[in-house]
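Before any comments, here is the structure.
Bear in mind that the values in this text are calculations on the coordinates, not laboratory data. Note that this is a predicted model, so its numbers are computed, not measured. Heads up, the Cβs are rebuilt from the backbone with ideal geometry, glycines too, and the neighbour counts pull from every protein chain shown.
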Amino acid sequence: MLEKVEDLEIRLLLEALYQRYHYDFRNYAQASIKRRLKQAREQMGFRSFSALQDGLLHRPALLSPLLNYLTVHVSELFRDPSYFRAIREKVVPHLRTYPSLKIWIAGCSTGEELYSFVILFREEGLEQRTLFYATDINQDALAKAEAGIYDLDRIQLFTENHRKSGGKSSLSDYYSAAYGKASFDKSLRKHVVFSDHSLVSDAVFAEMHLVSCRNVLIYFDRGLQDRALGLIKDSLARKGFLGLGSKESMRFFQHADSFTECVRDEKIYQKSSK
Amino acid sequence: MNGAKAEAVVIGASAGATEALSAILPLLPADYALPVMIVVHVPPDRKSVLAELLQAKCRLEVHEAADKEPIGRGTAYFAPPDYHLLVERNKCLSLSNDDPVFYSRPSIDVLFESAADAYGPSLIGIVLTGANQDAAKGLRAVVEAGGTAIVQSPEGAYASAMPEAAIAECPGARVLSLSEIAAYLQEIEKA
């Protein structure tokens, strides 16, 4: 059947991507990676996945565009405002008790989630004692995160989200607008380390008080989700906090026992003290 | 019709969805053998009450899908607002934040195409009332994988554009009224 050949081609393509460039998508959730690969194949002008594989193996310049199809997730500043409100009201009081803090935005993509946290921490007076780690496997996305420039037409949504999240300042304090772009202030990046890190293949690199990893694990299959969540668990300090996406349910994870619910509706968990 | 035994049902609906689904889902028994996956176009920015509303009317278990939830019998799964719902080949559900399709997230095409991949000829795809083009391509994927295509008859639909587009894309689809669709689903389970 034609269908089966296509699935085989996809498996081989992902194997080639891994063997040649060490990007490992082999255990991503198959349905959405297939959809993204189809989109990439069409837009990059290849007739088949085998042809795309051939191109990829011989022309390293194709790697970066392909990765952009496979990994970029557009987000918003203060996406799901109720999540940030819960961080502000339920998590920040705990974080205040620490003299220094490490926060990890795992899978930060183009930086929207990062800037939301930095602004929130500044408003709460915690920024000066905090080190933020913003990691992703996509270099282009990381560069965009580090630039902090977003289309001006998205600012209205960001501003509304920020207000709903309980924002204590005006979002316009943090960016300057010019030529249809909003450029976020470089002072927001003073306490941020941007780094290439993979939840699939890399290891623990620091002890965190809070990890925000929303709508990243949904792209992994069950086994890989357990691997990534294990890594996050091992990265958290005792009683450290973890924020997942609103539809990511801990109940299907192997490591569920290692966490307790902190804010159930917002999928904010706390590492058990045991 | 094809020879394969039906294993799952996917339903797509947009404008007028609540009434249409209310004419189908409450008629299915509590232990209905085929899992039912549903995408209804809902606004991204608020909680959807659709699953709760239908749960109150149904003997089936009805809820919004969680990521990597195993698919089981006697259950209707709704795509949550602002997420695509997909079926994995190992018969669990996954969610994605990928770009909207035809301005919609969730998208009917995304569910139907992934379910066609996972279930092939054992899938029943049903397109109900709606005012846009989402679903036509997805239903075609169901047909191409050997599955069964059913479309609500446009004359009886609250909004006819979506069923009409689906019929144009899949001329072999069975065109049925809501009560005929409900009867078909009850019957096919026993087949």
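Below are the figures for this structure:
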quantity	calculated
Shielding by partners - mean other protein chain Cβ count within 10 Å, residues of B:103-113	1
Label-to-label distance, nm, for residues given as residue B:168 and residue A:94 (7 Å Cα→Cβ offset)	5.5
Rounded to 5, the percent of DSSP beta bridges in the protein assembly as shown classed as antiparallel	35
Gaussian network model of chain A, Cα within-10 Å springs - most flexible of A:178, A:29, A:145	A:178
For residue A:239, residues with placed amide H under 5 Å, excluding near neighbours	A:271
Rounded to 5, percent antiparallel among DSSP beta bridges of chain B	20
Assigned charges on the beta-carbon of Lys, Arg, Asp, Glu; the protein assembly as shown dipole about Cα centre (debye)	1240
Inter-label distance for residue A:173 and residue A:39, nm, one decimal - labels placed 7 Å from Cα along Cα-to-Cβ	3.6
Loop sites in region A:132-190: chymotrypsin sites (Phe, Trp or Tyr not before Pro), DSSP, at most 11 other Cβ within 10 Å	A:179
Peptide-level mean, for B:81-87, of C-beta atoms on other protein chains within 10 Å	4
Cβ-based exposure ranking for B:107, B:14, A:249, A:75, in which fewest neighbours within 10 Å come first	A:249, A:75, B:14, B:107
For A:212-219, mean number of other protein chain Cβ atoms within 10 Å	3
Residue A:59 paired with residue B:189, simple spin-label distance in nm, labels 7 Å along Cα-to-beta-carbon	5.3
19 Å reach of a label modelled at residue A:196, 7 Å along Cα-to-Cβ, counting backbone N of region A:29-66	A:56-66
Separation of alpha-carbon centers, region B:1-63 and region A:160-197, rounded to whole Å	41
Separation between Cα centres of region B:142-189 and region A:45-115, rounded to whole Å	39
Residue-averaged 222 nm ellipticity for the protein assembly as shown, from DSSP H runs of 4+ at -39500 (n - 2.57), nearest 500	-10500 deg cm²/dmol
FRET efficiency estimate (nearest 0.05) - Cβ-Cβ, residue A:68 to residue B:31, R0 45 angstrom	0.45
Overall form of region A:1-93 per C-alpha gyration tensor (a/c, 1.5; a/b vs b/c)	prolate
At q = 0.06, 0.09, 0.12, 0.14 Å⁻¹, base-10 log of I(q)/I(0) for the protein assembly as shown (Debye sum, equal scatterers on each alpha carbon)	-0.28, -0.63, -1.08, -1.35
Lys, Arg +1 and Asp, Glu -1 on Cβ, resulting dipole of region A:1-57 about Cα centre, debye, nearest 20	140
Burial ordering of A:87, B:167, fewest other beta-carbon atoms within 10 Å first	B:167, A:87
Along each principal axis, Cα extent of region B:8-186, largest first, Å	34, 34, 32
Sorted by Cβ density within 10 Å, fewest first, the residues B:9, B:110, A:91, B:175	B:175, A:91, B:9, B:110
Out-of-range pairs (alpha-carbon distance over 26 Å; input A:4/A:38; A:247/B:5; A:267/B:68; A:190/A:271; A:38/B:47; A:164/A:186)	A:247/B:5; A:190/A:271; A:38/B:47
Residue B:68 long-range amide H proximity, modeled H, under 5 Å	B:93, B:94, B:95
For region B:137-153, Karplus couplings with θ = phi - 60° (6.51, -1.76, 1.60), whole Hz, Gly/Pro x	5, x, 5, 5, 5, 4, 5, 5, 7, x, x, 9, 10, 10, 10, 5, 5
Within a Gaussian network of chain A (alpha carbon springs, distance under 10 Å), most fluctuating of A:189, A:36, A:47	A:47
Under 19 Å from the residue B:73 label point (7 Å along Cα→beta-carbon), backbone N, region B:111-141	B:119, B:122-124
Antiparallel DSSP beta bridges within chain A, as percent of all bridges there, nearest 5	45
